[in-house]
1. For Asp151, all conditions in the list (1) surrounded by fewer than 18 Cβ atoms within 10 Å (Cβ to Cβ); (2) modelled with pLDDT of 95 or more; (3) touching an Asp or Glu at 6+ places or on another chain (Cβ under 6 Å) hold save one; what is the number of the exception?
2. Could you please give the count of residues in the stretch 35-74 that are of a type in the set (S, T, N, Q), over 27 Å from Glu87 (Cα atoms) and in contact (Cβ under 8 Å) with a residue 40 or more places away in the chain?
3. For Val18, indicate whether it is touching a residue at least 24 places away in the same chain (Cβ under 8 Å), closer than 17 Å to Tyr76 by Cβ and either in contact with a Pro (Cβ under 6 Å, 6 or more places away or on another chain) or not in a helix (DSSP H, G or I) (or both).
4. Could you pull out the residue among Ile95, Ile85 that is of a type outside the set (Ser, Thr, Tyr), touching a Cys at 6+ places or on another chain (Cβ under 9 Å) and either within 21 Å of Leu9 (Cβ to Cβ) or in contact (Cβ under 8 Å) with a residue 60 or more places away in the chain (or both)?
5. How many residues does the stretch 128-169 hold that are more than 10 Å from the ligand (Cβ to nearest atom), among the charged types (D, E, K, R) and under 22 Å from Arg58 (Cβ atoms)?
Amino acid sequence: MVAAVLDALDDARCPADVELNLLPVVRHLDAVGSSGDAAIDAVLEEFLRLGPALPWHRTAGYLDVLSRDYLDNYGYVQLLGPNSIVEHATVRVGIGLWGPHLHYPAHKHEAEELYHVLAGEPSFSSGDGNARATRPGDAVHHAPWQEHSQDFGPTPTVLLYCWTGAVEPDAVLVSDR
Ligand SMILES: [Fe+2]
């Protein structure tokens, strides 16, 4: 799946105008810590610089379901994909931000997913009940429809996510079944 993502990013060109849409979560940008890795920090620094001028989103299906605390402390910028800064039909790439100590309940999606941890210390749990502690530089893979949940650490978490396959449908909470 990584080859498909890299090909899509190679072909992507930023549009002349990028719509601004701020969410409460952007207040956490100032508290995002260094990853300790120069290559990751280069991506983070650019994201932190541009963050206040980007279109931030939350999953529409979560808005009436998840707590106000969760909704006020998370959001993501869709760089590539459907309804994104750069349109793409078969690949989604974006960067998400979560405030400290949030719990992202179990969810799933048809797309295959690869996360890269850019900042923070999130713990990932998958359908098998095992939790995996991660730090910047770690990658986490989810197969299509694999259930997963996250617990975010004491500092803001920044995750780069890549989806391939059925990228149009959003994630759904497992409790929505
Ligand atoms: Fe996911």
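The values are calculated or read from the model by the stated rules, or taken from the named source; none is laboratory data. On a predicted model such as this, the values are computed, not experimentally measured, just so you know. Cβ sites come from the backbone with ideal geometry, for glycine too, and all protein chains shown count toward neighbours.
1. Going through (1) surrounded by fewer than 18 Cβ atoms within 10 Å (Cβ to Cβ); (2) modelled with pLDDT of 95 or more; (3) touching an Asp or Glu at 6+ places or on another chain (Cβ under 6 Å) one by one, Asp151 breaks only (3).
2. To start, the set of residues in the stretch 35-74 that are of a type in the set (S, T, N, Q) comprises 35, 59, 67, 73.
Add one more test, that the residue is over 27 Å from Glu87 (Cα atoms), and what stays is 35, 67.
Now restrict to residues that are in contact (Cβ under 8 Å) with a residue 40 or more places away in the chain: 35.
The number of residues fulfilling the criteria is 1.
3. Working: touching a residue at least 24 places away in the same chain (Cβ under 8 Å): yes; closer than 17 Å to Tyr76 by Cβ: yes; either in contact with a Pro (Cβ under 6 Å, 6 or more places away or on another chain) or not in a helix (DSSP H, G or I) (or both): yes.
Yes: the conditions hold for Val18.
4. On the way: Ile95 fails: touching a Cys at 6+ places or on another chain (Cβ under 9 Å).
One residue alone meets the criteria, Ile85.
5. Residues meeting the conditions: 2.
So that you can scan it fast, the table gives a plain yes or no per residue for (1) within 22 Å of Lys108 (Cβ to Cβ); (2) of a type in the set (Val, Ile, Thr); (3) surrounded by 20 or more Cβ atoms within 10 Å (Cβ to Cβ); (4) touching a strand residue (DSSP E or B) at 6+ places or on another chain (Cβ under 7 Å):
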site	(1), (2), (3), (4)
Leu44	no, no, yes, yes
Thr59	yes, yes, no, no
Leu63	yes, no, no, no
Asp69	no, no, no, no
Tyr74	yes, no, yes, yes
Ser84	yes, no, no, yes
Ala89	yes, no, no, no
Arg92	yes, no, yes, yes
